[in-house]
Amino acid sequence: MTKSELHLKDPHGAMITRPTIWLRGPTNKSLSDLRFVVKDLFDVAGVTTAGGSPDWPETRPLPQTHAVLVSELLDAGAELIGKTITDEISLGILGENKFDGTPENPACPGRVPGGSSAGSAVAVAGGYCDFALGTDTGGSVRVPASFCGIYGIRPTQGRLDLSGMMPQAPSSDTAGWFSRSAKILARVGQVLYKAELPERLPKRLLIAHDAFAFSEDAVQTALAPKLKRLSGLFDEVTEIDMAPDGLLQWSKAQRTIQPAEGWQTFNEWIDRYNPRMSYTVARNLFLASQISESDLEQAQLVKQLAITRIKDLLPHGTLLCLPTTPFCAPRVGLPTHQTDHLREQISVLCCHGGLTGVPQVSIPGGTVGQDNAPIGLSIVAGHNYDTDLLAVALALESRHD
């Protein structure tokens, strides 16, 4: 296949169209049979990193080296075939970008793909590549994985080297990746984690009652068969409340800390260059600039309590499961007041990732409604037990749905 053939075939609008990228790794390595794409937050040498903004690349030097994770994947033999569309400066969760367009969800056209790693998820779901790099701060791998019906992993925060990745909220930022199979998700994980999968699976599964109760009834019904199969892998299954003081409190804390850090990341750039922005992104950054120190201190206190709770819940050998998102992908083009409400609801089931830094894998869990919109089922482990999640996802896949 030629370069032009690779980049002419983008029926779902997932890709950054220029310049053409086609980099091959060694041919005798563990990932030499796999192709991948990267979210346009990762540096590729000689290629602008735009981050979904028309003005960000004009104010930054051209990258001279690859992001560390891109280099590691290339060194493992994988073939890089392009960059993918992201929400504007990664400040979104639905995958809609005013400047670059909204990638079409291959699993259910007419519904959003989820963001901000929208293009990466669509490229995988659409069969363009074998896996894709994304980022996850408040849910940006987990949500599109759920909405597009694919696998996605958010690693333990701080475990991977993010050098060469455009930041948003550093205390929550991490990279992640997508695939259509647990096997490929695990193969990539073994390279990036530099670790093998454990031979023994965890023994105990916790079902987050409060998270399931927050999701729509149709989601709970759709996930029930996969949850039953997942439970069959464990010796002990127990229902608990993930956040005894309330998931809404956790969500409020994350929706305070993340935007406050985002404002710190981008305020100097905004002040100096007055970049073009969509209304929603500009409004949210302004609101972030108004967060008080007392609100931020309160949010940090909730964060520490959430970290303690997760550490108590998830010793080695115990996993937690919950719906990845409370509903399937919403329709494209909803008015702002509706999308604001949807983002807040999504945060309730995703806030624990950025707040506590735990690893999470979203597994295709079922479909909802007449158009069979996908929904994900997630498994969560304690800090640095990421490979336990990959092993469980692989074992569940081998059972066949």
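Considering only the other residues whose Cβ falls under 9 Å of the Cβ of G126, what net charge follows from Lys and Arg at +1 and Asp and Glu at -1? List each step's numbers first, then the result.
Working: positive: none; negative: D10, E104.
My count for the surroundings of G126 gives -2.
Charge dipole (Cα centre; +1 on Lys/Arg Cβ, -1 on Asp/Glu Cβ; no other charges) of the chain amounts to roughly 680 debye.
Near G376, the amide H atoms lying under 5 Å from its own belong to T324, T325, G365; only residues 5 or more places off or on other chains count, and H is placed 1.01 Å from N. Treating each Cα of segment 140-246 as an identical point scatterer and summing with the Debye formula, the log10 of I(q)/I(0) at q = 0.24 Å⁻¹ comes to -1.39. Distances between placed amide hydrogens fall under 5 Å for V237 paired with L205, all partners being 5 or more residues away or on another chain.
Partner lysines whose Cα lies under 26 Å from the Cα of K9, excluding those fewer than 8 positions away in the same chain, are identified as K39, K83, K98, K183.
Of all the options T49, T102, T336, the one that moves most in a Gaussian network model of the chain with Cα springs shorter than 10 angstrom is T336. Mean-square fluctuations from a GNM of the chain, with a 10 angstrom spring cutoff on Cα atoms, peak among R229, R180, R35 at R229. A straight Cα-to-Cα reach below 16 Å connects K203 with the lysines K228, residues fewer than 8 places away in its own chain not being considered.
In this structure E239 has an accessible area near 120 Å², from a 1.4 Å probe over the protein heavy atoms. Computed about its Cα centre, the charge dipole of segment 50-127 is approximately 120 debye, with only Lys, Arg, Asp and Glu carrying charge at their Cβ. For segment 275-401, the share of alpha carbon pairs falling in successive 5 Å distance bins from zero is 2, 8, 14, 16, 17, 15, 14, 9, 4, 1, 0 percent. The modelled label-to-label distance for the pair S171/A213, using points 7 Å beyond Cα in the direction of Cβ, is 2.8 nm.
With equal scatterers on the alpha carbons only and no solvent term, can you work out the Debye log10 of I(q)/I(0) for the chain at 0.12 1/Å? The Debye formula, applied to the Cα set alone, gives -0.87.
Taken over segment 68-125, the convex hull of the Cα atoms encloses 87 Å³ per residue.
Note on K311 and N28: with the Förster distance fixed at 35 Å, the Cβ-Cβ geometry gives a FRET efficiency of about 0.25.
Straight-line cross-link reach from K252 at under 19 Å between alpha-carbon atoms covers these lysines, not counting any fewer than eight positions away in the same chain: K303. On the basis of the beta-carbon distance and an R0 of 25 Å, E196 and D235 show a calculated FRET efficiency of 0.65. Between S398 and D75, the FRET efficiency estimated from the beta carbon spacing at R0 = 25 angstrom works out to 0.30.
In square nanometres, what is the average projected area of the Cα convex hull of segment 1-158? Write down the numbers at each step before the final one.
Working: hull surface 35.7 nm².
Dividing the Cα hull surface by four gives the mean projection, 8.9 nm².
The values are calculated or read from the model by the stated rules, or taken from the named source; none is laboratory data. Model, not experiment: these values are computed from the prediction. Counting neighbours? That spans all protein chains shown, and the Cβs are built from the backbone with ideal geometry, glycine included. Surface areas here come from the heavy atoms of the whole protein model, side chains and all, with no ligands, DNA or RNA. Shrake-Rupley method; radii C 1.70, N 1.55, O 1.52, S 1.80 Å.
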